[in-house]
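The values are calculated or read from the model by the stated rules, or taken from the named source; none is laboratory data. If you're wondering where the values come from, they're calculated on a predicted model, not measured in any experiment. Don't worry about glycine lacking a Cβ; one is built from the backbone with ideal geometry, like all the others, and counts go over all protein chains shown. Heavy atoms of the whole protein, side chains included, go into the accessibility calculation; ligands, DNA and RNA do not. Shrake-Rupley method; radii C 1.70, N 1.55, O 1.52, S 1.80 Å.
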Amino acid sequence: MKKWMPLIAFFPLLSTVAMSQKVPVYLDDSKTIEQRVNAALSAMTLEEKVAMCHAQSIFSSKGVARLGIPELWMSDGPHGVHPELFYDYWAQANWTNDSSTAFPALTCLAASFNPPIAELYGKAVGEEARYRNKSVLLGPGVNIYRTPLNGRNFEYMGEDPFLASKLVVPYIKGVQSNGVAACVKHFALNEQETWRMDVDVDVSERALHEIYLPAFKAAVKEGKVWSVMGAYNKFRGHHCSHNDILLNQILKKEWKFDGVVISDWGGVHNTQEAAYNGLDLEMGTNTDGMTSSIANSYNSYFLAVPFLKELNSGKIDTFIVNEKARRILRLIFRTTMNRNRPFGSLATPEHAAVARKIAQEGMVLLKNDKQILPIPNTIKSIAVIGENATRSMTIGGGSSELKVRYEVSPLEGIKNRFGKTALVQYAQGYGSGKYLYDSIAPSPYDAVKLRDEAVALAAKSELVVLVGGLNKNSNQDCEGRDRLDYGLPFGQNELLTDILNVNKNVVLVVVSGNAVEMPWEKQVPAIVQAWYGGTESGNAIADILSGDVNPSGKLPFTFPVKLSDNGAISLGKTSYPGNENGHKQVYKDGIFVGYRWHDSKSIPPLFPFGHGLSYTQFAYSNLSLTKETDGNIKATFTIANKGKVSGNEVAQLYIHKENSTIERAENELKGFQKVFLLAGEAKTVSLQLNKEAFQYYNEKRKDWATEKGAYTILVGGSSREVYLKKSIVL
Ligand code: BGC
């Protein structure tokens, strides 16, 4: 023990003086993080280093108390800060001061197509994590929307790697501005929940680099994320939480990631692989509160005593543990040990306002025939129907579940807005049953009675707002299992048809994180995709329905007409969900994910990627392309608001390679900008295309390459509403 230590312990008042005289380098703020890490490492024993590499409770890992280096506390993520759990038991600890703000689900953020909004999101959720003393927030997730069945799509940012990359970076910067690490997850190829612990994914090098990795790469290279979570599944035979190709070769060597690789909870299977294949911190292995046996204690983790034994016997080199401890120390110095980080705040009105703003920006007006929306202020009676009008959507869903300070339901939101001037009445219409983690208790309600009541209410009301969709039950939008089918569950199709028979003025509000089949789409005049809106969900829905806010969200993924129109699914079991025997899976759809599939196979979607209407109309004109001195190409065009209300339009730019000699998507998103326009206003928009915009991954050369020749630049309001086109030769 250093000489000054007992002095501080016995004479606390002298501690400041003593510290200023002989502060060890690792505690000295004036030194760089790397100097402090080196000093801490050389002061630590082998046992202390090993102790850092695995959990000490279900959501924390050890520091070095002897040296004054604190523990590392983590929390889910990504839509708010998880309520406190017991120390080593997976149940809520029932604290009374841990209720948080629920921010909209990441699909909603993606639909905003608005990077500054993602930064606001990250900053606010990071402030909540900081206030709760969590140094790592387990999110955001950027796995790709490959099929509409993935139970966790709602936690991710859609089907397009460019869009996800542009949004993940500001989210991370926002979180980390609080001295809280973001933890981008689940790296990688975790695109389904079916057999998530062992499905063994193979994918072409090209699809890996062009579709599945770019958002992670952006998180590391541009977002400078401080931690990454390895996925549960396997990639080419090895679990992703200890996978040499993904973690050592790509993440650490190629992208120069200097942070910590944290395993998914229970994602580690082997000491040698965990030691050598890029993992730094093992979490969640057999965590059962140590109730079943001592064999499940934290000491038995693969990176605990078994690791120490192999280090001592020389089976594992000591540089391996130094490397892991170095990264973990760096993370601790960046977060908990950063004395200048702000203090954060929890569930404030400011955070609620941010949540409402994101929800407004992400909501997508899918259709609006007969201009049934916005709802006029003269309306006299509204029937609000559907279980999702009153159901909490922050409970359930798995690890992203929250305990909220409050949550405004759609019914409350509609009543807040219209209740003074119109009769707003409610009927449940259908019942889904109660979420009980791994099983669903059947609905106690009589389905026929619920439907009859709703239809009777619809018949006597001026307008019906049907709030349906999916929910956070297992097999819906929920971790652990995929959806079983593409249609709306719980008899909602029949309910909708019966309602349409008595009242044609129906606005359908779909609350979900996934596309759903809509066989009745032609008969429903207005459809709003509302996602999971969080704390202010109901108010934000009312903002959009009333026209107080003009909708501006765009779909971050394609809605296929039917499930078999989806590429991954249409290619058979090997492609999704993998083979029953051995759980091997090949992403046979390759680079043709989402709109890339629909476009190349000429399969019309129900609603295309990038689609979303407004209460005003936009006109695009005057596209010009110029080559800049730095080699970039600048696309300039004009957007005008031709309607009577102001609004935001998301201008989208796609590229198309003319006469390509290689397999290529028809069009690929390479630029977008959300532009606010007053009624009658016009603005010039410029988007930059750098050399990466034109590259593809050349599998033979194992590198990015550019095809020479002509490209068409397409500009418009969605992947299928292209208003301007021009060619350019590279
Ligand atoms: C999930 C992660 C989550 C972790 C901790 C896992 O089951 O896959 O996303 O962060 O649990 O709750």
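Need the C-alpha centroid separation for the range 458-485 versus the range 498-561, integer Å.
With the range 458-485 and the range 498-561 each reduced to a Cα centre, they are spaced 11 Å.
If each Cα of the chain is one equal point scatterer, what is log10 of I(q)/I(0) from the Debye formula at q = 0.06, 0.08, 0.09, 0.11 Å⁻¹?
-0.37, -0.65, -0.81, -1.18
Using heavy-atom solvent-accessible surface (probe 1.4 Å) with all chains present, what is the largest-first order of THR147, THR574?
So, going from the largest accessible area down, we get THR574, THR147.
Restricting to DSSP H runs of at least four residues, report the calculated mean residue ellipticity at 222 nm for the chain, -39500 (n - 2.57) per run over all residues, nearest 500 deg cm²/dmol.
Counting only the DSSP helices, I get -7000 deg cm²/dmol.
Are any of the pairs LYS573/LYS702; LYS185/LYS472; LYS49/LYS403; LYS185/LYS252; LYS134/LYS185 more than 24 Å apart by Cα-Cα distance, and if so, which?
Over 24 Å apart, Cα to Cα: LYS573/LYS702; LYS49/LYS403.
Within the range 187-275, report the trypsin sites (Lys or Arg not before Pro) that DSSP leaves as loop and that have at most 16 other Cβ atoms within 10 Å.
Passing sites in the range 187-275 are LYS224, ARG236, LYS256.
If you average the C-alpha positions of the range 323-365 and of the range 607-636 separately, how far apart do those two centres end up, in angstrom?
Their Cα centres are 32 Å away from one another.
What FRET efficiency would be calculated for the residue pair GLU254, GLU663, taking the C-beta separation as r and a Förster radius of 25 Å, to the nearest 0.05?
It comes out at approximately 0.55.
What percent does the relative contact order of the chain come to when contacts are Cα pairs within less than 8 Å and at least six residues apart?
Once divided by the residue count of the chain, the mean separation gives 14 percent.
Want the number for GLN695 to SER392: 0.36 nm per residue separation, take away the alpha-carbon distance, what's left?
Answer, rounded to one decimal: 104.6 nm.
Report the dimensions of the range 617-729 along its three principal axes from the alpha-carbon atoms, largest first, rounded to Å.
Dimensions of the range 617-729 along the principal axes of its Cα atoms: 54, 30, 20 Å.
For TRP195, what accessible surface area do you get with a 1.4 Å probe? Give it in Å², rounded to 10.
Using a 1.4 Å probe on the heavy atoms, I get roughly 60 Å².
Rounded to the nearest 0.05, what FRET efficiency do ILE320 and LEU625 give with R0 = 51 Å and r taken as the Cβ-Cβ distance? Could you check?
0.50
At 1.4 Å probe size, with the rest of the protein present, what percent of the exposed accessible area of the chain is carbon and sulfur atoms?
Heavy-atom surface of the chain belonging to carbon and sulfur, 1.4 Å probe: 54 percent.
Write down the accessible area per residue of the chain in Å², having rolled a 1.4 Å probe over the full set of protein chains.
Result: 38 Å² of accessible area for each residue.
With every protein chain in place, what's the accessible area of GLU494 (1.4 Å probe, Å², nearest 10)?
90
If you stretched the chain out fully between THR684 and ARG206, how much longer would it get, using 0.36 nm times the residue separation minus the C-alpha to C-alpha distance?
168.5 nm
I'd like the FRET efficiency for ALA93 and MET197, computed as 1/(1 + (r/R0)^6) with the beta carbon distance as r and R0 of 22 Å, rounded to 0.05.
0.25
Taking amide H positions as placed in the peptide plane 1.01 Å from N, state which residues far from ALA55 in sequence (5 or more) or on other chains have amide H under 5 Å from it.
GLU282, GLY284
Please give the contour-minus-distance gain from LYS449 to LEU730: 0.36 nm per residue of separation, less the Cα-Cα distance, rounded to one decimal in nm.
The LYS449-LEU730 span can extend by a further 94.6 nm.
Considering only DSSP beta bridges with both partners in the range 2-334, what is the antiparallel share in %, to the nearest 5?
If we restrict to bridges inside the range 2-334, about 35 percent are antiparallel.
Starting with the highest mean, order 701-711, 662-672 by the number of other Cβ atoms within 10 Å, averaged over the residues of each peptide.
So the peptides 701-711, 662-672, ranked by packing, come out 662-672, 701-711.
Heavy atoms only, probe 1.4 angstrom, no DNA, RNA or ligands counted: give me THR661, THR335, THR497, THR638 ranked by accessible area, highest first.
From most accessible down to least: THR661, THR497, THR638, THR335.
Out of all DSSP beta bridges in the chain, what portion is antiparallel? Express it as a percent rounded to 5.
Among the beta bridges of the chain, antiparallel pairing accounts for roughly 60 percent.
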